[in-house]
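Notes follow the structure.
The values are calculated or read from the model by the stated rules, or taken from the named source; none is laboratory data. None of the values given here were measured: they were computed from a predicted structure. Cβ placement follows ideal geometry from the backbone for every residue including glycine, while neighbour counts extend to all protein chains displayed.
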């Protein structure tokens with residue numbers, strides 16, 4: 001049996017056509033035979049330089065037969081691996097982007113031959129002509145934000161391939177994707193919040209729900225997924241353990257929170273504690289906010305969305321999203337002195353830096369403007385109730401469970 005050649009071992013020869021050819025060992029098959037990478041150049045000096053670059057790139061790498069798979073095959077494997085960590089809706093979003101935009105253009109390329117140049121060309125093509133079924137008059141290209149999202153997914157998939165020893169480097173590391181264009185954040189200002197509170201106060205079915213949302217900033221699926229077992233009356237806190245989402249086919253299911261930091265415990269303002277205690281005393285449902293027609297079932301997130309739109313139209317307010325109620329809460333919290341790390345814990349953000357980046361308009365020179373927008377409103381309703389968060393030490397008031 002031939003001696004196993006170590007990775008990085010190579011050879012050089014001059015071909016009959018005058019060009020120079022080199023090869024290096026980059027891995028081994030299951031039977032122990034070598035996997036080679038071939039390099040070509042017009043002269044020996046150029047080949048030597050290319051060989052050195054490749055030897056450095058493959059240092060410590062020992063590819064296997066799996067490294068011969070195509071990008072399309074790897075993406076299928078990677079998405080299957082991610083089923084245990086991603087919510088179904090997120091997984092479906094990733095799979096749809098790969099099927100529609102990446103596989104048709106790069107899917108047949110061997111994984112180890114994918115380059116940064118390939119990715120740059122892909123992103124340029126998607127920006128020019130990436131829309132699968134454009135509507136009449138619609139731009140055929142994808143937005144910079146969408147292309148940026150596709151890059152993020154690809155980068156994650158290729159990083160996993162690199163971590164598992166399938167490729168020597170992650171080509172996505174060498175690519176600057178189009179910058180994501182974020183729409184200006186919308187929140188309800190002081191006058192609009194007054195109006196909104198007046199409208200929801202007249203609705204006994206929905207008042208508790210939207211008041212709790214405005215004083216916690218929970219995601220829509222999180223507030224709809226709250227159960228009485230999550231309400232800690234001793235510590236005046238809520239445990240956020242689940243979120244509601246729709247599976248393919250429309251079935252409403254409870255699942256894990258968006259991230260590991262999403263599973264958390266948050267301290268409640270006193271008025272919200274009183275509201276929930278009174279609600280619990282009268283409740284016959286395991287859910288804090290149940291379906292109005294079926295107490296045994298949780299509140300449908302779609303119903304909450306429709307009800308918000310109804311209240312906004314009734315009050316003549318801007319047509320904001322449900323998520324903008326979360327932004328309204330967060331902006332007020334920061335401008336009232338809640339530190340970014342504590343707020344990140346309340347919101348379920350993985351890093352405080354993300355919270356600061358998201359709500360940068362409430363920091364620095366623009367903090368006064370943000371305070372003017374929402375200044376005093378929730379304080380008028382809650383009095384001193386922001387103090388549990390303002391005075392708490394970092395990490396204690398919103399410690400992850």
Give, as residue ranges, the helices (runs of 4 or more DSSP H) completely inside the stretch 263-366 that count at least 1 residues that are at pLDDT 90 or above. 270-282, 301-315, 323-335
Quick one: which helices (runs of 4 or more DSSP H) sit completely within the stretch 23-126 and have at least 2 residues that are over 17 Å from residue 164 (Cβ atoms)? 44-57, 88-97, 103-106
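For every residue, the table says whether it meets (1) out of contact with any helix residue (DSSP H, G or I) (no Cβ under 7 Å at 6 or more places or on another chain); (2) surrounded by fewer than 14 Cβ atoms within 10 Å (Cβ to Cβ).
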position	(1), (2)
85	yes, yes
99	yes, no
106	no, no
112	no, no
116	no, no
List every residue pair whose Cβ atoms sit under 9 Å apart, with the two residues 6 or more apart in sequence or on different chains, where the first one lies in the stretch 108-132 and is touching a residue at least 24 places away in the same chain (Cβ under 8 Å) and on the phi > 0 side of the Ramachandran plot and the second, anywhere, is assigned to a loop (DSSP other than H, G, I, E, B) and surrounded by 13 or more Cβ atoms within 10 Å (Cβ to Cβ). none
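Every residue, every condition in (1) outside the structural domain of residue 221 (by TED's automatic domain parsing); (2) loosely packed, with under 14 Cβ neighbours inside 10 Å; (3) under 25 Å from the mean Cα position of the chain (by Cα), yes or no:
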| site | (1), (2), (3) |
| --- | --- |
| 301 | no, no, yes |
| 307 | no, no, no |
| 310 | no, yes, no |
| 319 | no, yes, yes |
| 322 | no, no, yes |
| 325 | no, no, yes |
| 330 | no, no, yes |
| 334 | no, no, yes |
| 339 | no, no, yes |
Against the condition part of a loop (DSSP other than H, G, I, E, B) and either exposed (fewer than 14 other Cβ atoms within 10 Å of the Cβ) or in the same structural domain as residue 344 (by TED's automatic domain parsing) (or both), how does residue 235 come out, does it pass? yes
Expected output for the stretch 157-177 (first residue touching a residue at least 40 places away in the same chain (Cβ under 8 Å), partner part of a loop (DSSP other than H, G, I, E, B), Cβ below 6 Å, 6+ apart or cross-chain) is 158/170; 161/167; 168/58; 168/61; 171/114; 171/115
Any hit, the stretch 198-218, residues being within 29 Å of residue 82 (Cβ to Cβ) and surrounded by 18 or more Cβ atoms within 10 Å (Cβ to Cβ): yes
Considering 131, 135, 105, which residue is under 24 Å from the mean Cα position of the chain (by Cα) and within 19 Å of residue 146 (Cα to Cα)? 131
All conditions in (1) in contact with a helix residue (DSSP H, G or I) (Cβ under 8 Å, 6 or more places away or on another chain); (2) surrounded by fewer than 16 Cβ atoms within 10 Å (Cβ to Cβ) are true of residue 135 except (1)
Report whether or not residue 180 is over 27 Å from residue 336 (Cα atoms), more than 20 Å from the chain's Cα centre (by Cα) and free of Cβ contacts under 8 Å to residues at least 40 places away in the same chain. no
Would you confirm, using the coordinates I've provided, whether residue 221 is buried (at least 16 other Cβ atoms within 10 Å of the Cβ) and in contact with a helix residue (DSSP H, G or I) (Cβ under 9 Å, 6 or more places away or on another chain)? yes
Is it the case, given these coordinates, that residue 186 is on the phi < 0 side of the Ramachandran plot, modelled with pLDDT under 95 and exposed (fewer than 13 other Cβ atoms within 10 Å of the Cβ)? no
All-but-one check, residue 292 against (1) in contact (Cβ under 8 Å) with a residue 40 or more places away in the chain; (2) surrounded by 18 or more Cβ atoms within 10 Å (Cβ to Cβ), failing number (2)
